[in-house]
Amino acid sequence: MTRITVILPTYNEVENLTQITTELWSLSFSDLNIVIVDDGSPDGTGELAEQISARNPGKMDVIHRQKKLGLGSAYIAGFKFAFQQNAEIIVQMDSDFSHSPSYLPGFLEHITRNELVIGSRYIEGGSLDDRWGMGRKLLSRFGNSYARAILKLPIHDCTGGFRVWRNDVLEKMPLEVIRSEGYVFQIEMVFVAHRLGFKIIESPIYFEDRRSGQSKMTLRIQLEAAFRVWQILYLHRGLEALI
């Protein structure tokens, strides 16, 4: 029996939380635990998470943070909690249905032969929601191409946040030196994993626009990510593949 921990960082996701947890638990996994990392959502997401957890004892944990501290630190908090719970597989995904839980069984098959699986919008078979405007699509593609070129990554979807890690591999990541917040956190994590020599595979997904709530992506975040790519390259310049 494989123990799977799914980490869902949340900020104002009260409209999505009940449905996403229900769909995750409906998958054919006998031991799937959900960890909610809520950044003090003013819409009551944290309170709803506690109610769902109480109705499903032993299947969900909630980490409450007092304010919006960022995606990167939320995931790292979730990773460390999963380590303590002896998870074997750790899943990163959004709670807004941009990442469909239906892909997880396929990802779990891939992880038996790899160390990191990335749900990819930009390989054959992957796609973006038609509701995305052309400007948003071009900006996303440019951001990925830019990061790939600067960091010399063989990954097509560097910013994608739908990921499955083997726990024993994620524990080898130097999380204490990961500095990024926001969406550039995803770029930094895959760059470090690649430099350490981990076996990474991309699996195609359809990326649906969020069903409810507001997107947290802004032009400022994208521009910040472009600058941060150079900092990532410098910060981790000395990393070498693990033996």
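Restricting to helices (runs of 4 or more DSSP H) lying wholly in the range 91-196: which have 2 or more residues that are under 15 Å from the mean Cα position of the chain (by Cα) and at pLDDT 95 or above? Result: 104-111, 167-170, 184-195. Taking each residue of the range 24-39 that is surrounded by fewer than 17 Cβ atoms within 10 Å (Cβ to Cβ) and looking for partners that are in a loop (DSSP other than H, G, I, E, B) and not aromatic (Phe, Trp, Tyr) with beta-carbon atoms closer than 6 Å, six or more apart or interchain, yields Ser30/Met1; Asp31/Met1; Asp31/Arg3.
The residues on offer are His99, His110, and the sole one that is of a type outside the set (D, E, K, R), crowded, with 17+ Cβ neighbours inside 10 Å and on the phi < 0 side of the Ramachandran plot is His99.
Using the structure shown, decide if Leu223 is part of a helix (DSSP H, G or I), among the hydrophobic types (A, V, I, L, M, F, W, C), more than 19 Å from the chain's Cα centre (by Cα) and at pLDDT 90 or above. Against the criterion (part of a helix (DSSP H, G or I), among the hydrophobic types (A, V, I, L, M, F, W, C), more than 19 Å from the chain's Cα centre (by Cα) and at pLDDT 90 or above), Leu223 does not qualify.
Working only within the range 56-86, note down all residues that are of a type in the set (S, T, N, Q), farther than 23 Å from Tyr183 by Cβ and either assigned to a helix (DSSP H, G or I) or touching a Phe, Trp or Tyr at 6+ places or on another chain (Cβ under 8 Å) (or both).
Passing the criteria: Asn56, Gln84.
The values are calculated or read from the model by the stated rules, or taken from the named source; none is laboratory data. Nothing here was measured: the structure is a model prediction, and the numbers come from that model. Reconstructed Cβ throughout: ideal geometry from the backbone, glycine too, with neighbour counts over all protein chains shown.
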